[in-house]
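The values are calculated or read from the model by the stated rules, or taken from the named source; none is laboratory data. Given the structure is predicted, the values throughout are model-derived calculations rather than measurements. Don't worry about glycine lacking a Cβ; one is built from the backbone with ideal geometry, like all the others, and counts go over all protein chains shown. Surface accessibility is based on the protein's heavy atoms, side chains included, excluding ligands, DNA and RNA. Shrake-Rupley method; radii C 1.70, N 1.55, O 1.52, S 1.80 Å.
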Amino acid sequence: MRVLGIDPGSRHTGYGVVDGHGNRLVHVASGTIAVPGSLPFPERLGLIFGKIDALIRETAPDECAVEDVFMSRNAKSALILGQARGAAVVAGVHAGLPVFEYSALQIKQAVVGYGKADKDQVMQMVRTLLGVTGRLSSHAADALAVAVCHIHSRSSRLCRQVWEQR
């Protein structure tokens with residue numbers, strides 16, 4: 001199972017591709033899509049969509065997982081983030097992938113075991129789980145965490161379904 005995890009943002013969108021082989025996780029690719037703030041917002045959304053679309057074609061994931069929008073005190077920021085997230089979701093759907101959504105709490109719980117873990121704890125655990133030794137941006141680490149969360153959640157869901165069918 002290959003999963004593309006996405007940490008959406010209007011200026012920096014993180015991506016992480018992880019293969020899940022039973023209990024083993026393998027880091028395939030990760031990085032940050034940096035979008036120039038000088039571009040008009042609709043063009044930024046188009047760029048996010050296009051880069052994720054190309055990434056999907058390049059890495060051939062089976063499923064896509066996206067971090068859900070957190071509730072912000074600033075409504076305008078939340079709307080902008082939501083639109084960037086929408087561009088990422090549409091790229092996955094456009095490619096025919098099932099797209100799953102996870103809250104920050106769910107992601108931290110799945111990766112660190114504590115829903116209120118800080119960014120450094122998430123990054124360290126992602127490095128440990130995936131054996132990543134090189135440079136890793138916080139956006140890429142968050143996206144890898146989304147992918148890891150989905151793989152763990154998917155395994156739990158499949159086990160539950162098998163158990164319920166008995």
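Summary table
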read-out	value
Surrounding net charge for residue 100, when Lys and Arg each add one and Asp and Glu each subtract one, Cβ distance under 9 Å	-1
Set of lysines with alpha-carbon distance to residue 116 below 22 Å, sequence-local pairs under 8 removed	108
Within the chain, percent of DSSP bridges classed antiparallel, to nearest 5	65
Carbon and sulfur %, accessible surface of the chain computed with the full protein complex present, 1.4 Å	54
Mean projected area in nm² (Cα convex hull; one quarter of hull surface) for the chain	10.2
Positive minus negative residues near residue 144 (Lys, Arg vs Asp, Glu; Cβ under 14 Å)	+1
Charge sum, other residues only, whose C-beta stays under 13 Å from residue 80's C-beta, Lys/Arg counted +1 and Asp/Glu -1	+4
Check: segment 12-92 dipole with +1 on Lys, Arg Cβ and -1 on Asp, Glu Cβ, in debye	340
Length-normalised contact order for the chain - Cα pairs under 8 Å, 6+ apart - percent	30
Value of relative contact order over segment 66-106, rounded to a whole percent, pairs C-alpha under 8 Å and six or more apart	57
Protection proxy ranking, peptides 55-63, 19-27, average beta carbon neighbours within 10 Å, highest first	55-63, 19-27
Order by protection proxy (mean Cβ within 10 Å, highest first), peptides 144-153, 30-39	144-153, 30-39
For residue 33, distant residues with modelled amide H under 5 Å away	13, 14, 15
